[in-house]
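Where a number appears in this text, it was derived from the coordinates with a stated rule and is not lab data. Note that the structure is a prediction, hence the values are computed from the model and not measured. Here the Cβ positions follow ideal geometry from the backbone for every residue, glycine too, while neighbour counts run over all protein chains shown.
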Amino acid sequence: MASPRAGWTSWFHKRIVDPLIQILRRGAEPRLLAFSSALGITLGVFPICGVTVFLCGMAIAVLGSRCHSPSVMLFNFIATPVELGLVVPFLRFGEAISGGPHFPLTSDALKKVFTGQASREVLLSILHALIGWAVAAPFILGALYLILLPCFKLLVSKFSTHPSSPKKTIQSPRDVKIKVRDV
């Protein structure tokens, strides 16, 4: 019988490692990969669950060739567990920025949410979490880009089968032959 660890490792390789290696082997530019990965993570930690794929799709549509869409989506997928862990910090950060009331995260508050008694407070807390993310997002994107750029330079040079930028061969003037056409 296979251990649970073997199943998790297989899943991790199939869903994360193998797609990343495929991306690296296609020879994309490290700067493009670093930016796209940072963008995928930044949008992937958006504090409203279920919206991140739509946001990444919109970013890909707007940026076009200035981002690498498989990297954006892969790193959005990788950021999902982090997204859940950052909802409360974004909420508290948004409350601090806006000076809004502190939303209690207690069992009594949860009962009010489920019974519909705290709908205004819940909407306000979602707004605070969005404010916290919107203020933090440029810093997250920039920091991740700076961290990921050297990593992708190393990984692309290790895994790429294509040169990262095509090199043009310079021909000397005597090697160039001019074709003359008779008309």
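For the chain, what does -39500 (n - 2.57) per DSSP helix run (n ≥ 4), summed and divided by total residues, give at 222 nm, in deg cm²/dmol to the nearest 500?
After summing the helix terms and dividing by the residues of the chain, the value is -22000 deg cm²/dmol.
Picking from 19, 62, 86, whose Cα lies most toward the positive end of the charge dipole for the chain (charges on Cβ: Lys, Arg +1; Asp, Glu -1)? Result: 19, furthest along the dipole toward the positive end.
Spacing of the modelled spin labels on residue 139 and residue 22, each 7 Å from Cα toward Cβ, amounts to 3.7 nm. Under the simplified labelling scheme, the residue 147-residue 13 pair shows an inter-label distance of 2.7 nm, with each label point 7 Å from Cα along Cα→Cβ.
Rg and Dmax of segment 8-158, both derived from C-alpha coordinates alone, stand at 17.9, 57 Å.
In this rough spin-label picture, where each label sits 7 Å from Cα along the Cβ direction, the residue 117-residue 66 distance is 5.0 nm.
For segment 8-158, the relative contact order is 34 percent, taking Cα pairs closer than 8 Å that sit 6 or more residues apart in sequence and dividing their mean separation by the residue count.
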